[in-house]
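Here the structure is laid out as structure tokens; the discussion comes afterwards.
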Amino acid sequence: MFNKTDISSFNLAELSEYLLKLSEENGIKIEKFRAKQIYGWLNSGVSAFDEMTNISKPIRELLDKNCYIALPQVENKLVSKIDGTVKYLFRLYDGECVESVFMRYEHGNTVCISSQAGCRMGCRFCASTIAGFSRNLTPSEILGQVIAASKDTGERVSNIVMMGIGEPLDNFDNVIKFLELVNSPDGLNIGYRHISLSTCGIVDKILKLSEKNLPITLSISLHSTTQEERERLMPIAKKFGIDELLSACRKYIENGGRRISFEYTMIEGENDSEEDALRLAKLLSGMLCHVNLIPLNTVKGRDYRKSAKTSIQKFISVLEKRGITATVRRRLGSDIDASCGQLRASKIESPAK
Ligand code: SAH
């Protein structure tokens, strides 16, 4: 598999070029219009070249000899009885596993996808970090989660959130390529405005992303209001300080004119006091932004607890009094533990399951 070409990481132009080369090198005729057909098949979720029924056998065999289709396979699947949310554990071609979640909202179906097999950011409260980091996902494997979830549910996906396992900006080039592929009119054609990307705050990459000027929604996992506390919860803060992070955010907003969403996980006794809310309001003052409060999901092996409802309400009212809009994230799939990282971690702990 490793010496084969990852055909689904190509955009249409690259695929056309590749087919031309393959055709010339092997003396098998591949007409120009085949590129679009093959691209369409790959985006519709075929897992083998034989499924491409309008492509001749010699071309299919040639492709099979030289390429592989990186469509993730469903290894495990949990369906919520409460709201129909589906959580997938997908197996990749080399046996690595990642998680994705399919959610139904009024404004359309959303898939939450992973960008890496594991994560090396080490946030204290996050399950993704527990099972360690294996490798970056290829553009095709990131895209493949959306295609596979859509294929499995038989429903169209209209929104994507990059909030699964991994740190998207730690896999920058592949994530950018994925965004191009998923936005392609010849592919899934999902608008940038329907895509959110969440980062723990890798400042140089936020600035690099800003230069690309893609109208996606950027979410920043802030989670703390002081440098000291942020360092305790999120090791990345030691590399990029909170002031540096917020100044990059200001630049990002200035550049693209789009508001940033700040994620703030509410952890009892850690970051949920009135003083925290006041500090947060001060940090974000004057910024075009929104705050998303996430009541902590308890993670096995970590002794943090989620904040009480009353602390969360108090926190919101402090922010709103100071002109900062805040909402509490609705929790879908609560009966299947839909937040990411836990399935992969338990799979690695007991691989026989
Ligand atoms: N690496 C990216 C995407 C990660 S997950 C990032 O850090 O933003 C998406 C969000 O869920 C992040 O804000 C993350 O900090 C948060 N999160 C992680 N573990 C959590 C938990 N146990 N409870 C609540 N939110 C959590």
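Compactness ratio of the chain: Cα Rg over 2.2 N^0.38 Å, N = residue count?
1.05
Taking region 16-98, which chymotrypsin sites (Phe, Trp or Tyr not before Pro) meet the DSSP loop condition and have no more than 11 other C-beta atoms within 10 Å?
F33
Return one whole number: the accessible area per residue of region 165-305 in Å², for a 1.4 Å probe.
With the other protein chains kept in place, region 165-305 gives 42 Å² per residue.
Please give me the summed charge of the neighbours of T5: other residues whose Cβ is under 13 Å from its Cβ, Lys and Arg +1, Asp and Glu -1.
Summing Lys/Arg as +1 and Asp/Glu as -1 gives -2.
When the label point is put 7 Å from the Cα of R193 along its Cα-to-beta-carbon vector, which residues of region 244-265 have a backbone N closer than 20 Å?
Counting backbone N atoms under 20 Å from the label point, the list is 253-262.
Which residues in region 318-333 place their backbone N less than 16 Å from a point set 7 Å from the Cα of E274 along the Cα-to-Cβ direction?
Correct set: 318-322.
Please work out whether region 32-73 counts as rounded, prolate or oblate from its C-alpha gyration tensor, where a ≥ b ≥ c are the square roots of the eigenvalues and a/c under 1.5 means rounded, while otherwise a/b larger than b/c means prolate and anything else oblate?
Because a/c hits 1.5 or more and a/b fails to exceed b/c, region 32-73 counts as oblate.
Taking Cα centroids, how far is region 11-29 from region 157-193 in Å?
25
Among 126-133, 50-57, how do they line up by average Cβ neighbours within 10 Å per residue, starting with the highest?
Going by the mean number of other Cβ atoms within 10 Å, highest first, we get 126-133, 50-57.
Go ahead and estimate [θ] at 222 nm for the chain from helices alone: -39,500 (n - 2.57) per DSSP H run with n ≥ 4, summed, over the residue count, rounded to 500.
-11000 deg cm²/dmol
Students often get this wrong: which residues of region 291-317 have the backbone nitrogen under 14 Å from the point 7 angstrom along Cα-to-C-beta of I82?
The answer is 295-298, whose backbone nitrogens lie closer than 14 Å to the label point.
Summing Lys, Arg as +1 and Asp, Glu as -1, what charge do residues with Cβ under 10 Å from the Cβ of Y93 carry, Y93 excluded?
Local net charge: -2.
For q = 0.15, 0.16 Å⁻¹, what log10 I(q)/I(0) does region 203-353 give under the Debye formula with an equal point scatterer on each alpha carbon and no solvent?
Reported log10 I(q)/I(0), two decimals: -0.86, -0.97.
If you take the Cα atoms of region 71-164, find Rg, then find the Kirkwood Rh from the mean of 1/r over all pairs, what is Rg/Rh?
With Rg and the Kirkwood Rh in hand, the quotient comes to 0.96.
Hey, can you find the accessible area per residue of region 58-129 for me, probe 1.4 Å, expressed in square angstrom?
For region 58-129, the solvent-accessible area averages 39 Å² per residue.
Considering only DSSP beta bridges whose two residues both sit in the chain, what percent are antiparallel, to the nearest 5?
DSSP beta bridges in the chain are roughly 45 percent antiparallel.
Carbon and sulfur atoms: what percent of the 1.4 Å accessible area of region 144-200 do they account for?
C and S fraction of accessible area: 43 percent.
To the nearest Å, what is the center-to-center distance of region 276-322 and region 53-96, using C-alpha atoms only?
Between the Cα centres of region 276-322 and region 53-96 lies a distance of 38 Å.
May I ask you to evaluate 6.51 cos²θ - 1.76 cosθ + 1.60, the Karplus curve with θ = phi - 60°, for each residue of region 261-277 and list the ³J(HN,Hα) values in order in whole Hz, giving x for glycine and proline?
9, 9, 9, 9, 6, 8, 10, 4, x, 9, 9, 10, 7, 5, 4, 4, 4
Can you divide the C-alpha Rg of region 53-111 by 2.2 N^0.38 Å and report the result to two decimal places?
1.60
Shape verdict for region 1-49, please, from the Cα gyration tensor: rounded (a/c under 1.5), prolate (a/b greater than b/c) or oblate.
The shape class here is oblate.
I'd like the orientation of helix 172-183 relative to the chain: the angle between its Cα long axis and the longest Cα principal axis, in ° from 0 to 90, rounded to 10.
Helix 172-183 sits at roughly 70 degrees to that axis.
Report the trypsin sites (Lys or Arg not before Pro) located in region 48-117 that are in a DSSP loop and have at most 16 other Cβ atoms inside 10 Å of their Cβ, or state none.
Qualifying residues, ordered by number: K81.
Computing the accessible area with a 1.4 Å probe over protein heavy atoms, can you report the carbon and sulfur percentage for region 44-140?
Roughly 48 percent of what the probe reaches on region 44-140 is carbon or sulfur.
For every other residue with a beta carbon closer than 11 angstrom to the beta carbon of S128, add +1 if it is Lys or Arg and -1 if Asp or Glu, then tell me the sum.
Around S128, the charge tally is 0.
The values are calculated or read from the model by the stated rules, or taken from the named source; none is laboratory data. Since the model is a prediction, treat every value here as computed from it, not as a measurement. Note that each Cβ is placed from the backbone with ideal geometry, even for glycine, and that neighbours are counted across all protein chains shown. When the accessible area is computed, the model is the full protein with side chains, heavy atoms only, and any ligands, DNA or RNA have been set aside. Shrake-Rupley method; radii C 1.70, N 1.55, O 1.52, S 1.80 Å.
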